[in-house]
Amino acid sequence: MNNQQNIGEELEAYFEKYGLGKDGGLNEDWAKIKVGSFYIPMPNPPSRKRALVFHDIHHLVTGYSGEWQGEAAIGAWEVGSGCNDYYAAWVLDLGLMALGIWIYPKTVFNAFVRGLRSRNLYHYLFTGEEAKKMTVTELRKQLEIKEPGYENPTLKEKLIFFEWWIISWVFSFVFFLLPLPLLGFVVWKIFF
């Protein structure tokens, strides 16, 4: 990443690197979630599209990759810094945080604390177009994002993380896991 290129140019390179298409899938009806060597289709409603530009810019300014570990980190970072009224971001980020804590616990915890100590674009600081014209360095400064590794969490930050970790698990159970048995029951009733 060239911190002196504008974010719009950086996004194009990011989309190409992760095979997300020219606009990162922003204008597609279905998103592709890569799991291993295959993709799982996921609806791409307007609420997700609204958050997607900021989410992708957040990857650039935090330095978290578009791979699974980076997605878990950005989910925790966005929860820590708050998603305001971007409900699709809350849904996806809480799911990423709940899953990520089991696979990458230290990464998720540190990203969450880093989020508590910074701001993000979900709080209407800049439009997507305004942010795209800035450099990564400029936007990091505006969002008060420090480099990773400075974390020395306070007891209060640890307690806030624990609260959000519980919320992420309850939320994930209700919205992701609970529907699976219900779906199985419906399929059973229809076919058997």
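The values are calculated or read from the model by the stated rules, or taken from the named source; none is laboratory data. Being a predicted model, the structure only gives us computed values, none of them experimental. A quick note on method: Cβ atoms are made from the backbone with ideal geometry, for glycine too, and the neighbour counts reach across all protein chains shown.
Residues are listed down the side, and each one gets a yes or a no for (1) of a type outside the set (S, T, Y); (2) in a loop (DSSP other than H, G, I, E, B):
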site: G19; (1), (2): yes, yes
site: G25; (1), (2): yes, yes
site: E28; (1), (2): yes, yes
site: H55; (1), (2): yes, no
site: Y64; (1), (2): no, yes
site: A73; (1), (2): yes, no
site: A89; (1), (2): yes, no
site: L92; (1), (2): yes, no
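Residues checked against (1) within 23 Å of P45 (Cβ to Cβ); (2) small (G, A, S):
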site	(1), (2)
A73	no, yes
W90	yes, no
M97	yes, no
I101	no, no
N110	no, no
V113	no, no
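Is it the case, given these coordinates, that N44 is touching a residue at least 24 places away in the same chain (Cβ under 8 Å) and either surrounded by 18 or more Cβ atoms within 10 Å (Cβ to Cβ) or among the β-branched types (V, I, T) (or both)?
Numbers: touching a residue at least 24 places away in the same chain (Cβ under 8 Å): no; either surrounded by 18 or more Cβ atoms within 10 Å (Cβ to Cβ) or among the β-branched types (V, I, T) (or both): yes.
The answer is no for N44.
For I145, state whether it is under 22 Å from Q4 (Cβ atoms), in a loop (DSSP other than H, G, I, E, B) and touching a residue at least 40 places away in the same chain (Cβ under 8 Å). The answer is yes for I145. In region 53-86, of all residues being within 16 Å of A98 (Cβ to Cβ) and hydrophobic (A, V, I, L, M, F, W, C), the one that is surrounded by the fewest Cβ atoms within 10 Å (Cβ to Cβ) corresponds to W68.
Whether any residue in region 7-17 is touching a strand residue (DSSP E or B) at 6+ places or on another chain (Cβ under 9 Å), crowded, with 16+ Cβ neighbours inside 10 Å, modelled with pLDDT of 85 or more and closer than 22 Å to E129 by Cβ is what I want to check. Full working, then the answer.
Restricting attention to region 7-17, the residues satisfying the condition of being touching a strand residue (DSSP E or B) at 6+ places or on another chain (Cβ under 9 Å) are 7, 10.
Within this subset, residues satisfying the condition of being crowded, with 16+ Cβ neighbours inside 10 Å are 7, 10.
Add one more test, that the residue is modelled with pLDDT of 85 or more, and what stays is 7, 10.
If we keep only those that are closer than 22 Å to E129 by Cβ as well, we get 7, 10.
Scanning region 7-17, I find at least one residue that is touching a strand residue (DSSP E or B) at 6+ places or on another chain (Cβ under 9 Å), crowded, with 16+ Cβ neighbours inside 10 Å, modelled with pLDDT of 85 or more and closer than 22 Å to E129 by Cβ, so the answer is yes.
If you go through region 90-124 and keep only what is under 14 Å from E78 (Cβ atoms) and touching a residue at least 60 places away in the same chain (Cβ under 8 Å), you end up with V91, L94, G95, M97, A98, N120, L121, Y122. Cβ separations smaller than 8 Å between residues 6+ apart or across chains give the following pairs from region 125-136 residues that are surrounded by fewer than 17 Cβ atoms within 10 Å (Cβ to Cβ) and part of a loop (DSSP other than H, G, I, E, B) to residues that are of a type outside the set (S, T, Y) and modelled with pLDDT of 90 or more: L125/R119; L125/Q142; L125/L143. The conditions of being more than 30 Å from E12 (Cβ to Cβ), surrounded by 11 or more Cβ atoms within 10 Å (Cβ to Cβ), under 19 Å from the mean Cα position of the chain (by Cα) and modelled with pLDDT under 95 are not met by F161.
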